[in-house]
Each structure stands twice: as structure tokens, then as C-alpha cells.
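The values are calculated or read from the model by the stated rules, or taken from the named source; none is laboratory data. Keep in mind it's a predicted model, so treat the numbers as computed, not measured. All Cβ positions, even for glycine, are placed from backbone atoms using ideal geometry, and neighbour counts span all protein chains on display.
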Amino acid sequence: RTIQHCELVTSAPDKSFWPESQLPEIVLAGRSNVGKSSFINTMVNRKKLAYVGNTPGKTRLLNFFNIDDTFLFVDVPGYGYANISKRQLQAFGQMMEDYFGTREQKIGLVLLVDARHKPSEDDITMMEYARYHHLPVVVVATKIDKLKRSEISKNMRKIASTLEIPETEIVQFSSETSKGREAVWKKIDELLES
Ligand code: GTP
Ligand code: MG
């Protein structure tokens, strides 16, 4: 899979900044540091389209990336890091309610979870947002390269049971090795076709 063209369209602090495009949108969400930016870069084969860093992003923006004028990835700020104020938490909730509640062109959620850990309450909340709004979900287990072969199936079972999905629906993914890249593209193509 080769992507010809991708660019950050807008970083939106709120609804009024969302792009006017009618292209379908796929939302990417996950806890802070799960590997969202790396995921985008791996999917589009760019080294640094999306910023990869060690410090959790403090700006609560929705980043809209145009992918080959076919669809947009909407990168949701990583949630669940400790030093967030109540007010920031409310703003985040409002932003997601606005998005899921009103954005007509959304066609799916890619929920990224760390292959090493049990999904968090926030991950479960994100699943619930998607189910409530009848949005198909693709679960991607990142950093799979960090697991020993013997740990993989146990961890996948744990993720599946916590999120209440079949284990076969989890895509094992690594930005280090690009494992899972084609599998995710296949799921995205299915979303775009349906
Ligand atoms: P925030 O935007 O800060 O919430 O983080 P993020 O979810 O965008 O994560 P990011 O892509 O910045 O990656 C966080 C750290 O994990 C970086 O040091 C990455 O190099 C590392 N990382 C991301 N994906 C993988 C992976 O698949 N394998 C390994 N080994 N490391 C990864
Ligand atoms: Mg990031």
C-alpha cells in the first residue's frame, strides 16, 4: 500500500475549527503514549507526519489528517495521563461528545490499546461512545514487538474480554516492524466501502 499524499489539515481546539470537507473520517483514540502518532506515520509510511514524542501532549486538539483525498484520520489527544485537571477532563469530554454526537461523516473508530496492558476505564468509555453512536470499531494492539511470543495470546484474550469483543477482531500491530499495517488497511478499506 502506497500513500501518495497526506497532510495535517487542521488542529482544532473545538468544533468551530473542524474542516468543512465532506470526506469520510476515521477517528483514532487511545491512552496517552499508546503509539497513536507512530501508528499514523506507519500507516502512511512517513517518518514524521504526526509528532512522536516522549512527553504526553498537553494540548487538547483534534488533528485532522487528509489521506490521499480519500478520507481523514482524526487524531484524538491521548487520554488518561495523570496530571489532567477536572476542567481539562470536562473539555475533553465535551469535545468527544461534540464530535461523536454531531459529525456526520465519521465512519469508524480505531481504538489503540497497548498490547502489554489491560485496557483502561477510559478505553472502555471510548468503546461505549462508539457503540452508542453505532460506529464500527477496529481495535489495534500496539507495541506488539515488546511482547514475548508466549505472552501474546494471553494478552489478546485479556484485551478482548475487557472490551467485550472477539479476540479475532484485534489487530496485532507494531510501528517498529510494521506488523499489522496491511491488516489495518484492509479493515479501513472495508469501512470505506460500507
Ligand atoms: P501522545 O501523543 O503523547 O499521547 O503519544 P502517542 O500515543 O502519539 O504515542 P507516540 O506515537 O508518540 O509513541 C510513544 C512512544 O512509544 C514513543 O517513544 C514511540 O517510539 C514508542 N512506540 C510507539 N509505537 C511503538 C511500537 O509499535 N513499538 C515500540 N517498541 N515502540 C513504539
Ligand atoms: Mg501523539
For D98, indicate whether it is within 15 Å of ligand 1 (Cβ to nearest atom) and either closer than 28 Å to H5 by Cα or in a helix (DSSP H, G or I) (or both).
no
Members of region 8-43 that are over 13 Å from F71 (Cβ atoms) and of a type in the set (D, E)
D14, E20
So how many residues does region 157-194 have that are touching a residue at least 24 places away in the same chain (Cβ under 8 Å) and either under 19 Å from P136 (Cα atoms) or crowded, with 19+ Cβ neighbours inside 10 Å (or both)?
22
Those residues that are among the polar types (S, T, N, Q) and either part of a strand (DSSP E or B) or modelled with pLDDT of 95 or more (or both), I need them from region 154-191; list them, please.
N155, S161, T162, Q172, S174, S175, T177, S178
Out of the residues in region 69-95 that are within 16 Å of ligand 2 (Cβ to nearest atom) and part of a strand (DSSP E or B), which is nearest to L191 (Cα to Cα)?
F73
Condition test on S11, is it polar (S, T, N, Q), within 16 Å of ligand 2 (Cβ to nearest atom) and within 14 Å of the chain's Cα centre (by Cα)?
no
Selection status of V34, assigned to a strand (DSSP E or B) and over 16 Å from K187 (Cβ atoms):
no
What's the number of the condition M126 fails, among (1) in a helix (DSSP H, G or I); (2) away from ligand 2 (no atom under 16 Å from the Cβ); (3) within 29 Å of N45 (Cα to Cα)?
(2)
